[in-house]
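Shown next, in structure tokens, is the structure this report addresses.
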Amino acid sequence: MTTKIQEELRAGPVADADSGQRLDRWLASQLTGQSRARLTALIKDGRVTREDGATVSEASARVKPGQRFTVSVPPAEDATPIAQDIPLTVVFEDDDVLVIDKPAGLVVHPAAGNPDGTLVNALLGHAGDSLSGIGGVRRPGIVHRLDKDTSGLLVVAKNDAAHRKLVADFAERRIKRVYHALVWGVPRSRSGTIETLIGRSPSDRKKMAVVPKGGRKAITSYQVLETYGDLAALVECRLGTGRTHQIRVHMAHLGHPVIGDSTYGRAPLAKLRRFSSVLETAESLDRQALHAVELRFVHPRTGEELTFHSEPPLDLRRMVSQLGAIEPI
């Protein structure tokens, strides 16, 4: 068995004559064998860093004299996913779109560590060759994603025209997504908007973080729906942008991480010990308590506005039940 190794490419220093060029264009001129489109994708994936270790996530960033960059190129993956007979909860389907209610634990598309058993494999088994090709061979039909351990609604394009329209609507923030999150603690302000830059964590490239510069603008509006003593709250989140792990990062930044999120927050064990049943349920929850409850978009062919709702799955309902037994203070 051959081990695939990530390659690191280094470029720089930037010459005085190249000052002000776009980063993606400059890197393409420096790195043989890497197309500009490929480099743009790597930048957006947080795989380009400056010499000082800061991640650069904007392909349009302008280079400055003397700067050096490192590009982390992931190992090549098998090109074409296989169709697999994986059960799907189809909420809506016609010739143009599919709306899926994704369970927690299902990865959206093949990647390192998840070569199959993904939503893409399931979609190929369900819809076959009818899926849009614009997303590429590894992401056919995929317009947007949910984290592996986030459940709920997402839309899939079944042809290229639908894909183009839905992607444009996402870019223009015309597609509305509403999530419910159970978070530790109760936000002091019962509603608000969190607006930050989000980029790769400078201390752990596998994580995202709120960063002072070099990230991408991220906007999340939230409203507290229910409180459970001072231990936890049910929060509704509406996305103004769609950055990787956005809600999880923003709620942790607010000081109220999503329950079950081992990456961005820990349970307040000192408080939890007062509620043994809640502690037991929280420890058995093997994913973040985040669910995409509503999806609203304009049908790419008919122009009809479609709205879909999804009830939280059993594990989250059980968590709510345990939290609801807490006496208000």
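Listing for the model above:
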{"quantity": "Lone qualifier among A282, A289 - being surrounded by 17 or more Cβ atoms within 10 Å (Cβ to Cβ) and touching a helix residue (DSSP H, G or I) at 6+ places or on another chain (Cβ under 6 Å)", "calculated": "A289"}
{"quantity": "Some residue of region 122-144 being at pLDDT 80 or above, closer than 18 Å to H245 by Cα and touching a His at 6+ places or on another chain (Cβ under 9 Å)", "calculated": "yes"}
{"quantity": "Residue in region 10-65 that is nearest to L197 (Cα to Cα), counting only those that are of a type in the set (K, R) and open to solvent by 70 Å² or more (accessible area, probe 1.4 Å)", "calculated": "K44"}
{"quantity": "Criterion: touching a helix residue (DSSP H, G or I) at 6+ places or on another chain (Cβ under 8 Å), of a type in the set (S, T, N, Q) and not in a helix (DSSP H, G or I) - qualifying residue of T227, T244, T220", "calculated": "T220"}
{"quantity": "Selected residue (only one of F297, F275 is over 24 Å from S191 (Cα atoms), hydrophobic (A, V, I, L, M, F, W, C) and touching a residue at least 60 places away in the same chain (Cβ under 8 Å))", "calculated": "F297"}
{"quantity": "Among (1) under 28 Å from I175 (Cα atoms); (2) over 19 Å from the mean Cα position of the chain (by Cα), the one test that E280 misses", "calculated": "(1)"}
{"quantity": "Lone unmet requirement of (1) of a type outside the set (S, T, Y); (2) open to solvent by 80 Å² or more (accessible area, probe 1.4 Å); (3) modelled with pLDDT under 95 for E305", "calculated": "(3)"}
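The values are calculated or read from the model by the stated rules, or taken from the named source; none is laboratory data. Values in this document were obtained by computation on a predicted structure and should not be read as measured data. Every residue, glycine as well, gets a Cβ built from its backbone with ideal geometry; the counts of neighbours run over all protein chains shown. Only protein heavy atoms, including side chains, enter the accessible area calculation; ligands, DNA and RNA are left aside. Shrake-Rupley method; radii C 1.70, N 1.55, O 1.52, S 1.80 Å.
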